[in-house]
Amino acid sequence: MAVAGCGSREERWSLAGATALVTGGSKGIGHAIVEELAGFGARVHTCSRNAAELEECRRRWEEKNLRVTVSVCDVSVRAQREKLMETVRQTFDGKLDILVNNAGQLLFKPAAECTAEDFSNLMTTNLEASFHLSQLARPLLIHASIAGGGSIINVSSIGGSIAFAGSTVYAITKGALSQLTRNLATEWAPNKIRVNGVAPGFVTTDMIKDVDPEYMKQENSKTPLGRSGKPVEIASAVSFLCMPAASYITGQGGDVEPGRRHRARHRRQQRDRTCHRGGAC
């Protein structure tokens with residue numbers, strides 16, 4: 001595997017000449033990731049279930065001189081995933097440097113009310129699709145030309161490691177995705193493929209537009225920064241992990257969120273100090 005330190009600073013912090021597949025790239029975090037990777041010089045292919053929405057994005061990217069190709073794909077359908085990867089293989093002449101498993105669904109629903117269909121749909125879209133696409137991409141990633149080797153990024157969520165009421169099935173899929181990241185990183189390191197994840201906190205996208213504003217205000221108050229993230233802030237973290245500069249990083253699933261864990265730890269420490277001094281616990 002090529003070592004990032006052997007290149008110049010410009011080479012380490014560039015994706016010029018790289019090829020990337022980003023699922024779910026027509027809006028939200030996925031859209032930001034497409035623009036970020038392409039802005040750093042990568043050729044990007046992305047997909048979405050919505051053909052009209054995807055074509056509108058393609059036109060805007062063309063106007064910005066970003067090298068992005070698109071195709072319609074529902075990642076919850078196995079045959080469509082296979083067709084997507086064949087399109088990528090043909091588009092990029094049999095090689096791929098970056099796979100970003102971003103497409104996913106959110107479900108806020110009490111666990112007792114979740115149906116078998118709810119469970120199956122989220123498992124297929126959020127977990128099975130990422131596993132299968134990684135399998136399909138592996139032969140292409142082995143031929144990656146970027147310094148540091150091929151790279152897979154799984155977009156998880158802090159919901160996979162922190163409990164939120166009403167998101168049990170979603171949390172299961174994201175927790176499993178984080179474990180998938182660690183296992184593939186271990187198995188595929190000999191193939192010069194790095195596998196990392198990002199676990200965003202609440203991000204201002206269509207996915208949370210229907211969430212109660214008071215609930216969002218309460219959740220944001222639990223973090224030092226006190227706000228939701230922006231899609232480009234997640235995209236920046238993803239882009240870094242794809243670069244040669246990150247060639248020594250694999251198996252990581254870092255939170256990309258405004259310090260929720262640290263705030264909770266600080267509050268526990270304050271409570272413990274109060275108890276120690278004989279105050280009300």
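Considering (1) within 20 Å of VAL75 (Cβ to Cβ); (2) in a strand (DSSP E or B), the lone condition that LEU136 does not fulfil carries the number (2).
Among the conditions (1) within 23 Å of the chain's Cα centre (by Cα); (2) at negative phi; (3) modelled with pLDDT of 75 or more; (4) open to solvent by 90 Å² or more (accessible area, probe 1.4 Å), HIS262 misses just one, which is (3). Of all residues in region 42-50, at least one satisfies being modelled with pLDDT of 95 or more, within 15 Å of GLY17 (Cα to Cα) and outside any strand (DSSP E or B). Restricted to region 87-111, and to residues there that are assigned to a helix (DSSP H, G or I) and either at pLDDT below 95 or touching a helix residue (DSSP H, G or I) at 6+ places or on another chain (Cβ under 9 Å) (or both), the residue that is farthest from GLN135 (Cα to Cα) is ALA111. For GLU11, which of the numbered conditions (1) more than 28 Å from GLN105 (Cβ to Cβ); (2) open to solvent by less than 40 Å² (accessible area, probe 1.4 Å); (3) touching a helix residue (DSSP H, G or I) at 6+ places or on another chain (Cβ under 7 Å) fails to hold? Condition (2) is where GLU11 drops out. Among the residues of region 39-50, those identified as open to solvent by 20 Å² or more (accessible area, probe 1.4 Å) and under 19 Å from the mean Cα position of the chain (by Cα) are GLY39, PHE40, ARG43, ARG49. Looking across region 139-161, the residues that are outside any helix (DSSP H, G or I), open to solvent by 40 Å² or more (accessible area, probe 1.4 Å) and of a type outside the set (A, V, I, L, M) come down to HIS143, SER145, SER161. Flag: SER178 matches the condition of being over 19 Å from ASP97 (Cα atoms), under 17 Å from the mean Cα position of the chain (by Cα) and open to solvent by 10 Å² or more (accessible area, probe 1.4 Å). Annotation: of all residues in region 51-82 being in a loop (DSSP other than H, G, I, E, B) and either open to solvent by 80 Å² or more (accessible area, probe 1.4 Å) or of a type in the set (Asp, Glu) (or both), the one that is nearest to GLY25 (Cα to Cα) is ASP74. So, in region 162-175, how many residues would count as being open to solvent by 20 Å² or more (accessible area, probe 1.4 Å), in contact (Cβ under 8 Å) with a residue 60 or more places away in the chain and not aromatic (Phe, Trp, Tyr)? Selection size over region 162-175: 1.
Here's the yes/no breakdown for (1) of a type outside the set (A, V, I, L, M, F, W, C); (2) closer than 22 Å to LYS230 by Cα:
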| residue | (1), (2) |
| --- | --- |
| GLU10 | yes, no |
| GLY24 | yes, yes |
| ILE29 | no, yes |
| ILE33 | no, yes |
| PHE40 | no, yes |
| ARG60 | yes, yes |
| GLU63 | yes, no |
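Scanning region 181-193 for residues that are buried (at least 20 other Cβ atoms within 10 Å of the Cβ) and small (Gly, Ala, Ser) gives a single hit, ALA185. Quick one: in region 194-235, which of the residues that are of a type in the set (Asp, Glu), open to solvent by 30 Å² or more (accessible area, probe 1.4 Å) and out of contact with any Pro (no Cβ under 9 Å at 6 or more places or on another chain) is farthest from ALA32 (Cα to Cα)? Within region 194-235, the match that is farthest from ALA32 (Cα to Cα) is GLU214.
The values are calculated or read from the model by the stated rules, or taken from the named source; none is laboratory data. On a predicted model such as this, the values are computed, not experimentally measured, just so you know. Using ideal geometry, Cβ is built from the backbone for each residue, glycine included, and neighbour counts are taken over all protein chains shown. Ligands, DNA and RNA are excluded from the accessible area calculation, which covers all protein heavy atoms including side chains. Shrake-Rupley method; radii C 1.70, N 1.55, O 1.52, S 1.80 Å.
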